[in-house]
Amino acid sequence: MASETSQTLDRGLSVLEAIAESADGLTVTELAQTLGIGRTVVYRLVVTLEQHAFLRRASDGKCRLGLAVLTMGRQVQPIVRDVALPALRLLSDAVGATAHLTIVEGTEALTAVVVEPTRSDVHVAYRMGARQPLESNAAGRAVLAA
């Protein structure tokens, strides 16, 4: 880690990322094992993130993302959506099919914006926010081929 960064913040973000990647949440012990950080340190990070509503602990002890993550995410989407929406709407209506904006994040394709055609008998449904490995979908394969 570079000397200009904050180790505590880096660890807190790693906690959030690990929880986001987990299908069913993670306990403090599981987080410590996954991240290679001491359980006491992870516990303090979890308590802090919980106080700010970035995560919540369920009765089974598992940590899951909290509503603050959703609130922050909503602030980003309108910016991307406002820029992409007019072009996606034109494309979708012109071809009579679903149009979507996919953003590459590392080795994954993130579906950021989806527009359904105004009129169409059949369309493919895409879920906004869905993540898939780049090689598993057409948009990702196009990026890999470029």
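Projected label points at residue 145 and residue 18, each 7 Å from Cα along the beta carbon direction, are separated by 3.9 nanometres.
Obtain the radius of gyration and the Kirkwood radius of the stretch 7-65 from its C-alpha atoms and give Rg over Rh. Each step should come with its number before you reach the end.
On the way: Rg = 9.8 Å, Rh = 10.9 Å.
My calculation of the ratio gives 0.90.
Sites counted here are trypsin sites (Lys or Arg not before Pro) in a DSSP loop (not H, G, I, E or B) having no more than 11 other Cβ atoms within 10 Å; the longest part of the chain that contains none of them is 1-118. Using the alpha-carbon positions of the chain, Rg (one decimal) and Dmax (whole number) come out as 18.9, 57 Å. Between residue 105 and residue 128, the distance separating the two model label sites (each 7 Å from Cα on the Cα→Cβ line) works out to 1.5 nm. Helix content alone sets the calculated 222 nm mean residue ellipticity of the chain: runs of n ≥ 4 DSSP H residues at -39500 (n - 2.57) each, divided across all residues, give -16500 deg cm²/dmol.
Around residue 38, under 13 Å between beta carbons, what's the net of Lys plus Arg minus Asp minus Glu among the other residues?
Working: positive: 11, 39, 44; negative: none.
Summing Lys and Arg as +1 and Asp and Glu as -1 gives +3.
Here, each number is a calculation from the coordinates, and none is a lab measurement. Not measured: the values here are computed from a predicted model. Reconstructed Cβ throughout: ideal geometry from the backbone, glycine too, with neighbour counts over all protein chains shown.
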